[in-house]
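Notes to accompany the following structure.
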Amino acid sequence: MNQLTLLIGVFAYLSLLAVGGGMAVFPELKLLTVDVHHWLTFPQLIHLYSVGQLSPGPNMMMVTAIGQRVAGPLGALVVVIAFFLPSGLMTFGVGRLWVRLEGWPWRDAIQRGLAPVSIGLVIAGTITIAKGALTGWKAAVIATVVFIFFLRSRINPALLILGGAIAGLAAFAAG
Amino acid sequence: MSEPTTPPADVTIKEIFLTFLIIGATSFGGGVVAYLRDSLVGKRRWLDDSDFIRMLSISQTLPGLNATNMAVLVGDRLRGAAGAIAAMLGICLPGGLFMFAAGTMYGGHGERPFVSAMLHGVAAAAVGLILAVTVQLGRKSLDRASDLVFVTLTVTGINLLHLSIPYLLLAVGGAAVWWYRPRTAAERPEP
């Protein structure tokens, strides 16, 4: 099948599954882009994810770079549309319906029930990234320091990411 | 919850686009929601705090990124479908252009040792950051033992059993929604 058609299929599918945000579909993203379609290697995916952390706006805009890698500018455009249009349309439709469902008792049940599942999906996505990112004790130290700093201080997360970049240079460039 | 307050009538499509464009261009470190709140509730006063929280809870329940779902809901609220499109384009454009350029450069220089070292450090920091944000969110929204059971089932299903997300949403999501199903006063367990 044509690469563009495959890109549309994969990213539209991921779009509709992203309950809990982009991180929630990371395991599925890895499976489809790395293991099934071989568009890039797992370390490359982790790298692009990291570039996404340095980018302004939503982190998952990193999917643009996957499309670019597979099929150039057109690939990038196709991926952005496939990843954001389906969930966008769904939010548009359900958002309007939601107000009218004010009195429907199942509305709160759905919200209440999906909350722990979406948090579980985010943790599962983080575990998948951690398998590629925490390759040794140095990386584990960086992650732990960031974790503690974020919870103990009101520091801007962007500075922690920048600190990670500097720590990475110091820890991994020499070896 | 109270009915939504009436949005300001004089917001133009251009203002919506520019406001979300600025948020898309200046929010770093993943906390886009905090930037949205500062701009939409604080500076612009397009929403009040309870509207913002209601829209955020819808954004979190539906598939899609919180930031782009918020853009759709707020844009629709202010100026209907055109507003939703303007907000979505605005918030995605800066990051999309950045990632396109970065992806192109990565193709040429990604294998250089110092680039690789730096990105490795960023990835490690990101793992720490997401876990911290998740702990914070979990403390706020998960308050019962049953919640922890559903979190654990989800993580086990994905990472150990390698279930794909549609099955997981049907099985664990379905069970969780059923667990919190609407009950009449008589059915409710004693607190």
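The figures follow:
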| item | result |
| --- | --- |
| Those aspartates and glutamates that a straight Cα-Cα span of less than 17 Å connects to residue A:138, excepting residues fewer than 8 apart in one chain | none |
| Vicinal HN-Hα couplings computed from phi for the range A:157-170 (Karplus, 6.51 cos²θ - 1.76 cosθ + 1.60; Hz; Gly/Pro x) | x, 4, 5, 5, 5, 4, x, x, 4, 5, 4, x, 4, 5 |
| Exposure ranking of B:39, B:141 by accessible area [1.4 Å probe, largest first] | B:141, B:39 |
| Accessible area (Å², 1.4 Å probe, nearest 10) - residue B:167 | 150 |
| Expected 222 nm ellipticity per residue - DSSP helices of 4 or more, -39500 (n - 2.57), all of chain A, to 500 | -25500 deg cm²/dmol |
| Heavy atoms of residue B:17 accessible to a 1.4 Å probe, total area in Å² rounded to 10 | 60 |
| With all protein chains modelled, accessible area of residue B:112 [1.4 Å, Å²] | 120 |
| Kirkwood-Stokes translational diffusion coefficient of chain B, alpha-carbon pairs, 10 °C, 1.306 mPa s, µm²/s | 80 |
| Interchain or long-range residues, amide H under 5 Å from residue A:19's placed H | B:64 |
| Exposure ranking of B:15, B:111, A:28 by accessible area [1.4 Å probe, largest first] | B:111, B:15, A:28 |
| Theoretical FRET efficiency, 1/(1+(r/R0)^6), r = Cβ-Cβ of residue A:107 and residue B:82, R0 22 Å, to 0.05 | 0.20 |
| Additional length obtainable on full extension of the chain from residue B:13 to residue B:181, 0.36 nm per residue less Cα span | 56.5 nm |
| Heavy-atom accessible area ranking, 1.4 Å probe, most first, across B:179, A:98 | B:179, A:98 |
| Relative contact order of the range B:1-140, pairs being alpha-carbon contacts under 8 Å that are 6 or more residues apart, as % | 27 |
| Partner chain coverage, peptide B:50-57 - average Cβ within 10 angstrom | 1 |
| Heavy-atom accessible surface of the range B:1-109: percent carbon and sulfur, 1.4 Å | 66 |
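The values are calculated or read from the model by the stated rules, or taken from the named source; none is laboratory data. Note that the structure is predicted; figures quoted are calculated from it, not measured. So basically every Cβ, Gly included, is an ideal-geometry build from the backbone, and we count neighbours across all protein chains shown. The protein model used for the area step is the full one, side chains on, heavy atoms only, and it has no ligands, DNA or RNA in it. Shrake-Rupley method; radii C 1.70, N 1.55, O 1.52, S 1.80 Å.
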